[in-house]
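Each remark here refers to the structure printed beneath this line.
The values are calculated or read from the model by the stated rules, or taken from the named source; none is laboratory data. Keep in mind that this is a model prediction, so the values were computed, not measured. Cβ placement follows ideal geometry from the backbone for every residue including glycine, while neighbour counts extend to all protein chains displayed.
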Amino acid sequence: MENTTTPLRPAEFCRQLLATLDVSEGRRKRRKRDTTPDAIGLAIKRDLLDGVMRDDPEPQTFEGWLLQRCLAAGVGTSRVHAMALDVLREWQLAQLSPSFRTWLGQGAPSDDASG
């Protein structure tokens, strides 16, 4: 079990969050509607998470790191901005919620992961 009192590095958080994307991808594939927009969003989020793991920014510079990715994507890239905000909110939640952080550390178990 992960120690929830130790500061969580963004790279470790993103590694854990990738497990939740696998669950989301499985659910997306089972839907009967067109899930192309979902797949695009998940791909953008996965790219951001991979970048965080690669660059390993410090916790105090993580928000700025995400902002730089949004700026680098250019004008009209609200999808990147939306996914960066999503990652930032989840990271902030992991900083404040021991139960959320524990859930991520356990591999983000889900009742419908194998369904």
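Observations on the model:
- Filter pass, Gln60 being modelled with pLDDT of 90 or more and exposed (fewer than 13 other Cβ atoms within 10 Å of the Cβ): yes
- Filter pass, Arg89 being of a type in the set (Lys, Arg) and surrounded by 15 or more Cβ atoms within 10 Å (Cβ to Cβ): no
- Within the range 92-113, restricting attention to residues that are part of a helix (DSSP H, G or I) and touching a helix residue (DSSP H, G or I) at 6+ places or on another chain (Cβ under 6 Å), the residue that is surrounded by the fewest Cβ atoms within 10 Å (Cβ to Cβ) is Leu93.
- Look at the range 72-93: where a residue is at positive phi, no partner that is part of a helix (DSSP H, G or I) and among the aliphatic types (A, V, I, L, M) sits 6+ places away or on another chain with Cβ atoms under 6 Å.
- Scanning the range 73-89 for residues that are aliphatic (A, V, I, L, M) and either under 14 Å from Leu17 (Cβ atoms) or in a helix (DSSP H, G or I) (or both) yields Ala73, Val80, Ala82, Met83, Ala84, Leu85, Val87, Leu88.
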